[in-house]
Amino acid sequence: MKTILVATDYSVPANNALEYAAQLAQKTNARLILLNVYKLNIHSSNSLASASDIDHLVKRSETKLIELALETEGRFKIKVDYELGKDDTVESLSKYIKTHAVNLVVMGIESNLVEYKWFGNTTTAAIQLMQFPLLVVPNDITFQGIQRIMYACESSYLREDCGLGVLKEFVSAFNAELQLLHVLTNEREKESKEKLELLMEKILKNVEHSYQYVSSPRVDDGIIQGLKRFPADLLVMVSHKAGFFEALFKGSQTTQMTVRTRIPLLVIPEDKVC
């Protein structure tokens, strides 16, 4: 893992995600990039502000970001760079990823929400974008190392030549115990256990791992059951492009898990798995 990017708006969840990302970078000898987005107010957007006013806003935003980068670099003794975007965090992320090599994006999320709103949330919007491995860190979870990893997997998107590179990097960097969880949503799926294990043995032939199966009509409920049986420090899921968001108001399995889990969630885009 050579480069980790963390998006920050200086909020409590973002500050916690930065702490987590910085310790990840320290552990893996990665370079850390801080991304912040400045937003023009309505008057500036409507060209009612002067060019000097806008320049002042940009300079002030850049100065604050540089100060945070220097502070983080000094505290954690890691290489820290910065990127200043405009208006929209997800769009800025997308643009940056297209022109720079980034191995992991880290973002924070509120973990005490009673009712979750899908629209307008930057973190879930980043999951929808599905262009990069994304680590979602709940705001009340601090970095305590990663000793146990749960990968909620299924065989539909996997092939023998899949590398699962990001997952393997986490396992290797922290010498973590890896548990593979498969949720059996119906009786027919029970017949696929042998097929899944044969496939995973080929993909993870050099990585020690074990299996766990949970029966549940809902995948997210099954994952919660699995986490109760196997408490982990990191949950890993793969996002699916086909039908990934069947209903925005219900949310997808992956976006639901960003709210329901009390541990960091690593979301890997399907096209980054193989």
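The values are calculated or read from the model by the stated rules, or taken from the named source; none is laboratory data. Computed from a prediction, not measured in an experiment: that's the story for all the values here. When we count neighbours, we look across all protein chains shown, and the Cβ atoms used for this are built from the backbone with ideal geometry, even at glycine. Surface accessibility is based on the protein's heavy atoms, side chains included, excluding ligands, DNA and RNA. Shrake-Rupley method; radii C 1.70, N 1.55, O 1.52, S 1.80 Å.
Per-residue answers, yes or no, for (1) touching a helix residue (DSSP H, G or I) at 6+ places or on another chain (Cβ under 8 Å); (2) outside any helix (DSSP H, G or I); (3) polar (S, T, N, Q):
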position	(1), (2), (3)
Leu178	yes, yes, no
Val183	yes, yes, no
Leu199	no, no, no
Lys202	no, no, no
Lys205	no, yes, no
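Of all residues being in a loop (DSSP other than H, G, I, E, B), surrounded by fewer than 14 Cβ atoms within 10 Å (Cβ to Cβ) and of a type in the set (Val, Ile, Thr) in the range 89-148, which is modelled with the highest pLDDT? Just the residue, please. Talk me through it step by step, then tell me what you get.
Of all residues in the range 89-148, those in a loop (DSSP other than H, G, I, E, B) come to 100-103, 110-121, 130-133, 139-147.
Next cut, surrounded by fewer than 14 Cβ atoms within 10 Å (Cβ to Cβ) only: 100-101, 112-115, 117, 119-120, 140, 142, 144-145, 147.
Imposing the further condition that a residue be of a type in the set (Val, Ile, Thr) reduces the set to 114, 142.
Details: Val114: 35, Thr142: 90.
Residue satisfying both the conditions and the ranking: Thr142.
Among (1) buried (at least 16 other Cβ atoms within 10 Å of the Cβ); (2) within 17 Å of the chain's Cα centre (by Cα), which single condition is Tyr157 missing?
Looking at each condition in turn, Tyr157 falls short on (2).
Sort out which residues of the range 15-47 are open to solvent by 10 Å² or more (accessible area, probe 1.4 Å), under 18 Å from Leu84 (Cα atoms), modelled with pLDDT of 75 or more and part of a helix (DSSP H, G or I), and write them in order of number.
The answer is Asn15, Leu18.
Within the range 58-88, track down each residue that is part of a helix (DSSP H, G or I), open to solvent by 30 Å² or more (accessible area, probe 1.4 Å), out of contact with any helix residue (DSSP H, G or I) (no Cβ under 8 Å at 6 or more places or on another chain) and not hydrophobic (A, V, I, L, M, F, W, C).
Hits for the range 58-88 are Lys59, Arg60, Glu62, Thr63, Lys64, Glu67, Glu71, Glu73, Gly74.
For residues in the range 48-83 being of a type in the set (S, T, N, Q) and within 27 Å of Ala21 (Cα to Cα), which is modelled with the lowest pLDDT? Please lay out each step first, then the result.
Of all residues in the range 48-83, those of a type in the set (S, T, N, Q) come to 50, 52, 61, 63, 72.
Going one step further and asking which of them are within 27 Å of Ala21 (Cα to Cα), we end up with 61, 63, 72.
Working: Ser61: 90, Thr63: 94, Thr72: 97.
Taking the candidates together, the pick is Ser61.
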